[in-house]
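A.B. asks: The structure under discussion is supplied below as structure tokens; questions concerning it will follow.
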Amino acid sequence: MNKNVANGGARFDTPDGIWPAEAARNPSRYVEFTVPVTAGSLTLDSIAAGGGSGGGSNMRWDIVYSMASDFSAPTALGTALSAVKDTLVTSTFPSLGVAVAAGQTLYLRVYPYNISGAASGKSIMLGNVVVSAVTN
């Protein structure tokens, strides 16, 4: 659930405002970005995303992409990423070289999770998500 924009990033919260304690990503909780290729093709060069922990420093997030909408064949770019409270940190993943053909869609997901005890007042902050590619 989109909460607000602060500290340079959009904040996302759980629908009830309580983040459960989790040791790893929950496959049903994510923010998804899509890059559909309707004509021609492209080669994915890099992905960069700013992420942060709102309301505390115990949030973590994984950045994963897939060519399948159901994420049956995902590729993890970064796992257990973190930042100090209310600070965006950019994670960059260069030289990917992934071909995306006409009719395909690149799916990018950020999976946030809270590694401390269940708590309210926390959020995941995302900003400056950049997908760089070369068209063919």
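A.B. asks: Only residues that are surrounded by 15 or more Cβ atoms within 10 Å (Cβ to Cβ) and among the hydrophobic types (A, V, I, L, M, F, W, C): list them for the stretch 22-45, please.
C.D. replies: Scanning the stretch 22-45 gives Val31, Phe33, Val35, Val37, Leu42, Leu44.
A.B. asks: Of all the residues that make up the stretch 10-21, how many are buried (at least 16 other Cβ atoms within 10 Å of the Cβ) and either modelled with pLDDT of 95 or more or in contact with a strand residue (DSSP E or B) (Cβ under 6 Å, 6 or more places away or on another chain) (or both)?
C.D. replies: 5
A.B. asks: Still on this structure, please answer the following. In the list Ala102, Ala39, Ala73, which residue meets the criterion of being without any contact (Cβ under 8 Å) to a residue 12 or more places away in the chain, more than 22 Å from Gly9 (Cα to Cα) and in a loop (DSSP other than H, G, I, E, B)?
C.D. replies: Going through Ala102, Ala39, Ala73 in turn, the sole match is Ala73.
A.B. asks: Within the stretch 79-110, take every residue that is closer than 15 Å to Asn26 by Cα and not aliphatic (A, V, I, L, M) and give me the one that is nearest to the chain's Cα centre (by Cα).
C.D. replies: Of everything passing the filter in the stretch 79-110, Arg109 is nearest to the chain's Cα centre (by Cα).
A.B. asks: Scanning the stretch 97-136 for residues that are open to solvent by 50 Å² or more (accessible area, probe 1.4 Å), farther than 29 Å from Ala21 by Cβ and not hydrophobic (A, V, I, L, M, F, W, C), which turns out modelled with the lowest pLDDT?
C.D. replies: Asn136
A.B. asks: I want to confirm something. Restricting to the stretch 46-68 and keeping residues that are polar (S, T, N, Q) and modelled with pLDDT of 95 or more, which single residue is least open to solvent (accessible area, probe 1.4 Å)?
C.D. replies: Looking at the filtered set, the residue picked out is Ser66.
A.B. asks: Which of the residues that make up the stretch 69-92 are surrounded by fewer than 16 Cβ atoms within 10 Å (Cβ to Cβ) and not hydroxyl-bearing (Ser, Thr, Tyr)?
C.D. replies: Asp70, Ala73, Ala76, Ala80, Val84, Lys85, Val89, listed by residue number.
The values are calculated or read from the model by the stated rules, or taken from the named source; none is laboratory data. For clarity, every value in this text was computed on a predicted model and none was experimentally measured. Neighbour counts are summed over all protein chains in view; Cβ atoms, including those assigned to glycine, are modelled from backbone coordinates with ideal geometry. Protein only, heavy atoms only, side chains kept; ligands, DNA and RNA dropped before computing areas. Shrake-Rupley method; radii C 1.70, N 1.55, O 1.52, S 1.80 Å.
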